[in-house]
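Report on the following structure.
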Amino acid sequence: MIEACRLVLLASCIVTAASVRVDINTIKLEAANHSSTAGTPFSMTTAECVSVALEKKSYEAIIASVLASGAQAQADCSMLVSGPCSLVGGGPPYFYPPRNLGDDAIKGAVMGNDVTFFAKRLDFTDDSYAPPSHDCAKCPAAFNPLQHSCMDMSFADGGWADPADQSMISAGDANWMASYCQILEIGGSQNDKHRWLPEQRKEMSWCSDQVQMVGGYLKNPAGRTGLTGRGSLGLWGPNKAGDPIIVVDGATLNSVILPDSEILQVDYNNQPFNPTEKYVRLIKRTDVDAVAIPGGMIDPGESGLKAAIREFAEEAMEGSTAGSSTGALAELTAFFSGRATLVYQGLVDDPRNTDDAWMETQAYKIEISGSGAAGSLEQRIRDKAITGRAGDDAESVRWLSLADAAVVGSVDWFADGETKELECCYASHFALIRLAYAADKRERGDP
């Protein structure tokens, strides 16, 4: 089940409780016809956003803050002030209007291929700061919070969004208190999404120390984004995701994806994997033309790790029975959890971010190299994780060089008989992969 484009830190799309596949060509056509895309100084494609991030080393400061925190993997969310993806406007499928950081800011500007971003955190106290608002009124139904409010429908029926008016999120609002937003449990899990007050959401944020409260409302921990409103995100304040960075060595892949097998021929041009190299599982998305980690939004009652595992099963293990039942998902969770290392916790650089709503994630490096006894549960799960096909909002999946993705910033993607070099990755996923690569090197004693 998807609820917002995964970072996300670009992995993941807002949808109803039912699975929705989005046709990228339809979205691009709608975006091209949408008036808010015309003339916006921050209108860039996902590929352009990634290019700028790599060129400007936009994530270096936040990566350094995470590495300095050690095992906590805690980001200093105020360090993401120059993230280009949070200033992308107009691109599909979010239909964001132009952003305005204020006259006193060092404004981002697009001049040919040169993009300059403000280099300091800008707070919300300047009276002259009057950015445009985005209520997503013209967003397609699948991405539109206004059509999926918990004021009108339950989570099971597609009510994945807060009310349109954030002032209703108050213990004194009788309508909000009597709505589906206040259901205590969803599918046997506590409703820890919609029923919390702003103060509680601040405490639950993975950036709680940097989240600001202005006039009783939560504000983006990275400072101004040049846009108010909730946009296409479901929650006012933090919107949480889980991102799995599944890693395996080439020797393990070669033991499962055999020579001359259909997968090796179709997906890898019949080329075996380097036995000593590490590979990472990446997807090509259907909703945006980008390579990404197969992560997604946290459902009520889930941890970041459980969400990451569930999303991996949905997006990268299609064609297997893994994750198709509660029992199967529990087995997957047990297998992956014991191999998981937290590598990031904090704010996500995401084109949907506004002053009032933003993406946060927990990212886990999950190492599945090795082998189990033939026919054992461990080996069956490993085989399915390695050979699973694309599902949910993924177009296709590949095992790609971890070093290329983390260091070079691009990957070789073989499809339809040809190899294309694709930039990596959607939004802040590049930073997450960099951190997973650093964790892998530490574990191997490689400085």
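Some observations on this one:
- Taking 7 Å steps out from each Cα toward its Cβ at Lys138 and Asp157 produces label points 3.0 nm apart.
- Using a simple spin-label model with pseudo-atoms 7 Å out from Cα toward Cβ, Leu184 and Ala403 lie 5.6 nm apart.
- Packing-based order for 389-397, 254-262, 291-299, using average beta carbon neighbours within 10 Å, highest first: 291-299, 389-397, 254-262
- Entries of Lys193/Lys219; Lys240/Lys278; Lys219/Lys365; Lys57/Lys138; Lys202/Lys306 with Cα pairs more than 25 Å apart: Lys240/Lys278; Lys219/Lys365; Lys57/Lys138
- When each of the peptides 228-234, 191-197 is scored by the mean number of other C-beta atoms lying within 10 Å of its residues, the order from highest to lowest reads 228-234, 191-197.
- Projecting label points 7 angstrom from Cα along Cα→Cβ for Glu203 and Asp173 puts them 2.1 nm apart.
- Extension reserve of the Leu67-Gln212 stretch, reckoned as 0.36 nm per residue once the Cα distance is removed: 49.8 nm
- Based on alpha-carbon atoms, the Kirkwood radius and the radius of gyration of the range 189-304 give Rg/Rh equal to 1.16.
Quick note: the coordinates plus some simple rules give every number you see, no bench work behind them. Owing to the predicted nature of the structure, the values given are computational and were not obtained by experimental measurement. All Cβ positions, even for glycine, are placed from backbone atoms using ideal geometry, and neighbour counts span all protein chains on display.
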